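Everything below concerns the one structure shown next.
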Amino acid sequence: MTTPPPPSKETRAAGPIARNLARLWLWFFGWRVDSALPPPRAIAIAYPHTSNWDLPFMLAISYRLGMRPYWLGKREIFRWPFGGFMRWLGGVPVDRKARTNMVQQVIERFSQIDRFFLVIPPSATRHRAEHWRSGFYHIARGAGVPILCTFLDYTRKVGGIGIPVMPTGDVRADMDKIRAFYVGIEGRYPENQTPIYLPEEDQPMRESGGR
């Protein structure tokens, strides 16, 4: 994995031009933002993730809130001619075939900087999978940062940042809070939504770890 450069208030805050463009984008598509301001350091889970449209709407909502988040993407989308633009948008290329410990690298990055708002789609795919991947949970717990439930509800055309969940190590209890938040929220293609479930929920608390 290629780790992101340290963000700062100056480089990662959305300026007035970005905020105005985001406002125009959301107005054009008839969307509104329902959100509280997020903390500067957090893992934001992007769910539901069922369409390529999710990325521009996520960025527009973030810019509308004055933020420029980081997000992880498969390295193929960072190829020429759009690679530089994707990185400028905050993209961090990830080699999914590499045997590197992505979780630990991101935890270390959180320990080095003051402002790091990282968006992760826990389903890791636009198509329906059996369950969420748990990397977001272990990053948040290892870094001591909250998990924010961000959402794009295509039924109501509303997006934003919902409740924070501080991971406790009791995976099932923490996931119950997340499941409760997402009840009734639908992506562009609801049939592609991955069930909100981590395999670690069925393990004893002392065994919860890894990815």
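Worth a mention:
- Failed criterion for SER134 (all others in (1) over 25 Å from GLY66 (Cα atoms); (2) surrounded by fewer than 17 Cβ atoms within 10 Å (Cβ to Cβ); (3) at pLDDT below 95 hold): (2)
- Residue satisfying condition, being under 20 Å from ILE161 (Cα atoms), at pLDDT below 95 and among the polar types (S, T, N, Q), within set SER51, SER8: SER51
- Residue tally, condition open to solvent by 10 Å² or more (accessible area, probe 1.4 Å) and either farther than 15 Å from ARG133 by Cα or of a type outside the set (A, V, I, L, M, F, W, C) (or both), over the range 39-50: 5
- Every residue from the range 85-97 that is surrounded by 11 or more Cβ atoms within 10 Å (Cβ to Cβ) and either modelled with pLDDT of 75 or more or over 17 Å from ARG41 (Cα atoms) (or both): MET86, ARG87, LEU89, GLY90, GLY91, PRO93, VAL94, ASP95, ARG96
- Residue check for THR155: modelled with pLDDT under 90, loosely packed, with under 14 Cβ neighbours inside 10 Å and closer than 30 Å to PHE28 by Cβ: no
- Lone unmet requirement of (1) aliphatic (A, V, I, L, M); (2) crowded, with 21+ Cβ neighbours inside 10 Å; (3) free of Cβ contacts under 8 Å to residues at least 12 places away in the same chain for LEU118: (3)
- The residues of the range 158-175 that are acidic (Asp, Glu) and surrounded by 14 or more Cβ atoms within 10 Å (Cβ to Cβ) amount to a single one, ASP174.
- Filter pass, LYS157 being basic (Lys, Arg) and closer than 22 Å to ALA36 by Cα: yes
- Taken across the range 199-209, residues that are of a type in the set (Ser, Thr, Tyr) and at pLDDT 90 or above do not occur at all.
- The condition of being without any contact (Cβ under 8 Å) to a residue 12 or more places away in the chain and farther than 19 Å from ILE178 by Cβ holds for only one of GLY83, GLY90, that being GLY83.
The values are calculated or read from the model by the stated rules, or taken from the named source; none is laboratory data. Because the structure is a prediction, the values reported are computed rather than measured. Reconstructed Cβ throughout: ideal geometry from the backbone, glycine too, with neighbour counts over all protein chains shown. Heavy atoms of the whole protein, side chains included, go into the accessibility calculation; ligands, DNA and RNA do not. Shrake-Rupley method; radii C 1.70, N 1.55, O 1.52, S 1.80 Å.
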